[in-house]
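Please read the structure below before turning to the comments.
The values are calculated or read from the model by the stated rules, or taken from the named source; none is laboratory data. Just so you know, these numbers come straight off a predicted model, no measurement behind them. Neighbour counts run over all protein chains shown; Cβ positions are idealised from the backbone, glycine included. Ligands, DNA and RNA are stripped out before the accessible areas are found, and what is left, the full protein with its side chains, is counted by its heavy atoms. Shrake-Rupley method; radii C 1.70, N 1.55, O 1.52, S 1.80 Å.
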Amino acid sequence: MDNVHARAGGRPTTGRRYRAAFASVAVGLAVVASTVAVATSASAGTTLGASAAEKGRYFGAAVAANKLSDSTYVGILNREFNSVTPENEMKIDATEPQQGQFSFANADRIVNHARANGMKVRGHTLAWHSQQPGWMQNMSGTALRQAMLNHVTQVATYYRGKIDSWDVVNEAFADGSTGARRDSNLQRTGNDWIEAAFRAARAADPGAKLCYNDYNTDNWSHAKTQAVYNLVRDFKARGVPIDCVGLQSHFNSGSPYPSNYRTTLSSFAALGVDVQITELDIEGSGTTQANTYRNVVADCLAVPRCTGITVWGIRDTDSWRASGTPLLFDGNGNKKPAYTATLEALNAGNPTPPPTTAPPTTPPPTTPPPTTPPPTGGGCTASMTLNQWNGGFVATVRVTAGSSSINGWVVTVTLPGGANITNTWNATNSGTSGSVTLRNVSYNGRVSAGTSTEFGFQGTGTGPTGTPTCTAS
């Protein structure tokens, strides 16, 4: 089994998919091509990829580099799919095993194979709390933030022009009913870490689509789904570069396919982003499994901006959930009833390619993300969100200009006894305890009327709870 996934009551509790051991020496594409089947052209309606392409979409699979010497595996890959996602080979521990020393050999095998066979490539993933190399796990604060941004920049730059879509940030929200961010070393660098990662990715690979990817975001009524929706809506409103949302859609008895799945797809699409089903697998067998695959495909085809589906593996034996037989081909590479249902659903779909925009199809949630109204006069106001854990905190402060622009700002916060600031970003601080003043840095002092800028700080002890004050200059 390539991957291990902890479950509670059948639901995934983390998004971890640990790397399988594979050959350390990269085999050149020419060598691989001499031992496996090459891609064959297919008529629309006869294979998954060809049928999806007829509808203006892709149908892809997660691929492991060490299986590219398996002729059965590659025969199915080349025949059926028109997109690939490296299963583990682009994750942080694989591409930067030592800080500043990058390793792309195994990811290159997959990318080269895909491009040689006319397939799209989804990059997975640039920033994630899991599968970090040891050196990154032991970092925090400004050092970690800079290391993360350097990783995003270096990897996206290396593959510039070769990637259709990047999973820029993976699994940043916690499970449960709160809709909170996941507590992680990346989150503790500041609430703006996701935005920073997306901006770095856009600068490094401006031609690729930039996606946020998560699991347990399939049910429209769930708090986690709403939290991701609010993130995307906020990014679109503020011009943060985001082009797509990935729904992993790992379904089993504890995390079943929801009846409102299509509502989730259409609601994200109504924000002006593409929706991609990025890691689909459905545990089960026979008619029940087949019907669920059919429903998922039909839902995607019903939403113009649902641009593609990726199954997380090819044969059941390749799956990280092999015991649940969740894929479209059995261990011998034979087509299952789920394959037939998927192909039929693709062929039944609307052949019109998806438009570049789509009108809203679902009202937004009734609880929008909190916003800070601009002051009625000049000057500025400040609001603060706090991420607190036992022994430490991260505070994110939003400075909003009033009816006229400002050229600088000073924010004052009061820390309770025993609390100390250990690190600050997008601001400079005078003092680390008690009453602390934080001033703009060179690039974020000017704020136009009614708009905002953000900064943050990390500390030990209990974070400030009062409303910060802001003075404009």
Residue separation times 0.36 nm, minus the C-alpha to C-alpha distance between Thr157 and Asp234: what's the value? 25.1 nm
Treating the beta-carbon of each Lys and Arg as +1 and of each Asp and Glu as -1, no other charges, what is the dipole magnitude of the range 48-347 about its Cα centre, to the nearest 20 debye? 580 debye
Members of Lys67/Lys336; Lys91/Lys120; Lys55/Lys224 lying beyond 25 Å, as alpha-carbon distances in this model show: Lys55/Lys224
Go through His222, His151, His129 and list them by solvent-accessible area, largest first, probe radius 1.4 Å. His222, His129, His151
Along the range 185-199, Karplus-curve 3J(HN,Hα) (6.51, -1.76, 1.60; θ = phi - 60°) to the nearest Hz, with x for Gly and Pro, reads 5, 5, 4, 6, 7, x, 5, 8, 5, 5, 4, 4, 5, 5, 5
Residues Arg446 and Ala203, FRET efficiency given R0 of 25 Å [Cβ-Cβ distance, rounded to 0.05]: 0.75
So how strong a dipole does the range 44-196 carry about its Cα centre when Lys and Arg Cβ are +1 and Asp and Glu Cβ are -1, to the nearest 20 debye? 300 debye
What FRET efficiency comes out for the pair Trp135/Arg439, r = Cβ-Cβ distance, R0 = 51 Å, nearest 0.05? 0.95
Using θ = phi - 60° and the Karplus curve 6.51 cos²θ - 1.76 cosθ + 1.60, what whole-Hz ³J(HN,Hα) does each residue of the range 287-299 get, with Gly and Pro shown as x? 5, 4, 4, 4, 5, 5, 4, 4, 5, 4, 5, 4, 5
Calculate log10 I(q)/I(0) of the range 113-252 for q = 0.11, 0.12, 0.21 Å⁻¹, where I(q) comes from the Debye formula with a single equal point scatterer on each Cα and nothing for solvent. -0.40, -0.48, -1.36
Tell me which of Leu68, Gly56, Asn138 sits at the most positive position along the dipole axis of the range 36-172, charges placed on C-beta atoms (Lys, Arg +1; Asp, Glu -1). Gly56
Would you mind checking which residues have amide H under 5 Å from Ala174's amide H? H placed 1.01 Å from N; only 5 or more apart, or other chain. Ala180, Arg181, Arg182
Is any residue of the range 446-473 close enough, with backbone N under 16 Å, to a label point placed 7 angstrom from the Cα of Ser403 along the Cα-Cβ axis, and if so, which? 449-451
Placing each pseudo-label 7 Å from Cα in the direction of the beta carbon, Thr288 and Glu54 end up separated by a distance in nanometres of 3.2 nm
Quote the charge dipole size of the range 283-345 about the Cα centre in Debye, to the nearest 20; the model charges only the Cβ of Lys and Arg (+1) and of Asp and Glu (-1). 80 debye
Ranked order, Asp281, Asp183 - accessible area, probe 1.4 Å, largest first: Asp183, Asp281
Run the numbers for Thr467 and Thr340: contour at 0.36 nm per residue of separation, minus the present Cα-Cα distance, in nm. 39.8 nm
What number in nm² do you get for the range 48-347 if you take the convex hull of its Cα atoms and divide its surface by four? 14.1 nm²
Area projected by the alpha carbon convex hull of the range 380-472, averaged over all directions, nm²: 5.1 nm²
Here, Thr422 and Ser69, labelled 7 Å along Cα→Cβ, have an inter-label distance in nm of 4.6 nm
Percentage relative contact order, the range 380-472, counting C-alpha pairs under 8 Å, at least six apart: 43 percent
Quick one: which residues, 5+ away or cross-chain, put their amide H under 5 Å from the amide H of Tyr58? H built at 1.01 Å from N. Gly308, Ile309
